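Accompanying notes for the structure given below.
The values are calculated or read from the model by the stated rules, or taken from the named source; none is laboratory data. All figures in this text were calculated on a predicted structure; none of them were measured in a lab. Virtual Cβ from ideal backbone geometry, glycine too; neighbours counted across all protein chains shown. SASA here: full protein model, heavy atoms, side chains in, ligands and nucleic acids out. Shrake-Rupley method; radii C 1.70, N 1.55, O 1.52, S 1.80 Å.
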Amino acid sequence: MTTAKPRILLCSPIPVTRHEGGWRTIDLWARDVNAQADQAEIVLLCPIVTDPIEDGAPLDPAIAVVDERHLSGGETLEQKVDWSTAIQLPGNGGLRMARRFRPLLRIAAARGTAVFLGITSNRARTAILNSRGGSWPRRIQGLLRYADVRLAQNWLARRCAGVFVVGEGVRALVEPVARSVHVGVASWIQVADIVPPRPQRDQPLRVCMAGRLEPMKGFHLGIQAFARAGANRFDRLTIIGKGAEQERLERQAREAGLDNFHLLAPVGYPEPFFRFLDGYDVVLLTNLNDEQPRLIFDAISRGCIPVCPDTLPYRALGLDPRLLYRQGDVTALSERLVALSDPVLRQELSSAIADLATRFTLPAMHTARLEWMASVKERGG
């Protein structure tokens with residue numbers, strides 16, 4: 001006897017475009033929603049654009065796409081709600097986005113269809129962190145963005161059957177108002193992406209960081225720690241990413257005299273990014289927020305050593321304490337880098353984290369989330 005797949009109406013602000021008879025979207029989102037489509041039938045309600053999408057990837061042909069213009073209501077929206085066994089809403093936007101879901105929430109309530117809210121990062125706090133040290137107008141803008149996102153999250157959470165979040169650090173955002181909370185782990189890794197443990201190189205370490213170039217990511221701390229640890233003891237430090245902080249980071253590295261520093265443009269995900277990681281030994285995670293980036297599992301799956309802030313989302317993964325440093329502390333981070341020059345220590349740490357990638361895969365993340373959604377529905381959430 002086979003169990004019917006859940007039918008998910010998945011709302012997203014991420015655009016898709018027509019491409020060679022199918023649909024295409026940004027590579028990370030394609031990987032995520034395609035993995036969910038292996039376990040559920042998906043109708044994707046999102047913006048449809050005509051321009052090519054940079055770093056795009058194809059959507060699974062089984063995923064149906066509906067233009068987000070139908071969110072205003074009408075027969076199409078009613079039909080999609082009637083088809084669904086559950087609805088997923090994004091929870092990282094502001095009140096303007098939240099208000100667009102009113103007709104959908106109203107129809108779902110009338111049909112008795114469970115609606116779930118997803119919060120994948122703490123965008124509200126990111127707005128504050130990115131505005132620190134800026135002009136007063138910029139700081140005020142950050143405060144307004146914080147308030148906008150938090151009000152929207154609380155408004156939606158009260159109207160949904162449950163909220164799923166990424167990482168223990170994000171749980172506190174909705175726990176006081178949500179009926180049920182599921183804490184997931186951000187990982188975009190498939191079992192096939194995991195490589196065997198590497199033999200440790202008794203050579204200068206190759207160190208990298210990756211992500212959006214914004215203050216919250218803390219890349220400036222990584223550069224400081226690299227310089228303080230002694231750049232001449234390492235092969236190189238590379239940052240891969242783009243964003244408003246690019247010139248500042250390049251200037252910081254020049255002023256620190258780091259001849260072995262490189263800042264590269266992003267590459268596609270997954271294969272080109274994995275090939276990049278294959279050329280490095282240590283991945284620094286320097287974010288100043290309380291979320292859990294997927295990068296930690298990218299690093300582990302490719303045999304790299306991740307060095308992470310000593311914050312709740314990382315501690316909850318059960319990481320060896322020798323991989324952790326006090327968040328925002330340049331001295332502590334530089335000491336971790338110096339210690340990792342020892343290949344014996346790196347071998348011990350590699351062995352200690354080897355099972356994390358296999359335990360926390362992208363399919364496992366979606367399985368746990370769908371099981372939680374089913375349990376909430378059974379309880380009448």
If amide H atoms are built 1.01 Å from N in the plane of the peptide, which residues on other chains or at least 5 residues away come under 5 Å of the amide H of residue 181?
163
Rank by packing, highest mean first: peptides 221-229, 43-51, with packing defined as the count of other Cβ atoms within 10 Å averaged across residues.
221-229, 43-51
Interchain or sequence-distant (5+) residues whose placed amide H lies within less than 5 Å of the amide H of residue 238 are 207, 208, 209, 262
Given only helices, namely DSSP H runs of n ≥ 4 each adding -39500 (n - 2.57), what is the per-residue ellipticity at 222 nm of the chain, to the nearest 500 deg cm²/dmol?
-11500 deg cm²/dmol
Candidates 114, 57, 192; GNM for the chain (alpha-carbon contacts under 10 Å) flags as most fluctuating 192
In nm², the average projected area of the convex hull spanned by the Cα atoms of the chain is 20.0 nm²
Carbon and sulfur atoms account, in whole percent of the 1.4 Å probe accessible area of the chain, for 51 percent
Rounded if a/c is under 1.5, else prolate if a/b beats b/c, else oblate: with a ≥ b ≥ c from the C-alpha gyration tensor eigenvalues square-rooted, which is the stretch 191-359?
rounded
If r is the Cβ-Cβ distance from residue 83 to residue 49 and R0 is 35 Å, what FRET efficiency results, to the nearest 0.05?
0.90
Report the residue, chosen from 190, 79, 292, that carries the largest GNM mean-square fluctuation when the chain is represented by alpha-carbon nodes joined by springs under 10 Å.
79
Explain nothing, just compute: Karplus ³J(HN,Hα) = 6.51 cos²θ - 1.76 cosθ + 1.60, θ = phi - 60°, for every residue of the stretch 300-317 in order, whole Hz, x for Gly and Pro.
4, 5, 9, x, 7, 9, x, 10, 10, x, 7, 10, 3, x, 7, 4, 5, 7
Apply the Karplus parameterisation 6.51 cos²θ - 1.76 cosθ + 1.60, with θ equal to phi minus 60°, to every residue of the stretch 118-133 and state each ³J(HN,Hα) to the nearest whole Hz, in sequence, with x for glycine and proline.
x, 10, 9, 7, 8, 5, 5, 5, 4, 4, 5, 4, 6, 9, 5, x
The chain: most fluctuating residue of 330, 191, 115 per GNM, C-alpha cutoff 10 Å:
191
Only loop residues by DSSP count here, and only those with at most 11 other Cβ atoms within 10 Å; note down the GluC sites (Glu not before Pro) in the stretch 51-116 that meet that.
54
Excluding residue 27 itself, what net charge comes from residues whose Cβ is under 12 Å from its Cβ, given Lys and Arg +1 and Asp and Glu -1?
-2
For residue 242, the lysines lying under 16 Å Cα to Cα, once residues fewer than eight places off in the same chain are dropped, come out as 217
Per 10 Å bin from zero, what fraction in whole % of the C-alpha pairs of the stretch 13-68 is there, up to the bin with the longest pair?
27, 63, 10, 0
Could you give each residue of the stretch 152-160 its phi-based ³J(HN,Hα) in whole Hz, using Karplus coefficients 6.51, -1.76, 1.60 with θ = phi - 60°, and x for Gly or Pro?
5, 4, 5, 4, 6, 4, 5, 9, 10
Contact order normalised by length for the chain, with contacts defined as Cα pairs under 8 Å and 6 or more residues apart; what percent is it?
15 percent
Helix 102-111 vs. the chain, principal-axis angle (Cα, 0 to 90°, nearest 10):
60 degrees
How large is the accessible surface per residue of the stretch 191-359, computed with a 1.4 Å probe and reported in Å² as a whole number?
42 Å²
Hey, if we sort 344, 170, 183 by accessible area with the 1.4 Å probe, largest down, what's the order?
344, 183, 170
Long-range amide H partners of residue 66, meaning residues 5 or more apart or on another chain whose placed amide H is closer than 5 Å, are 44, 45, 46
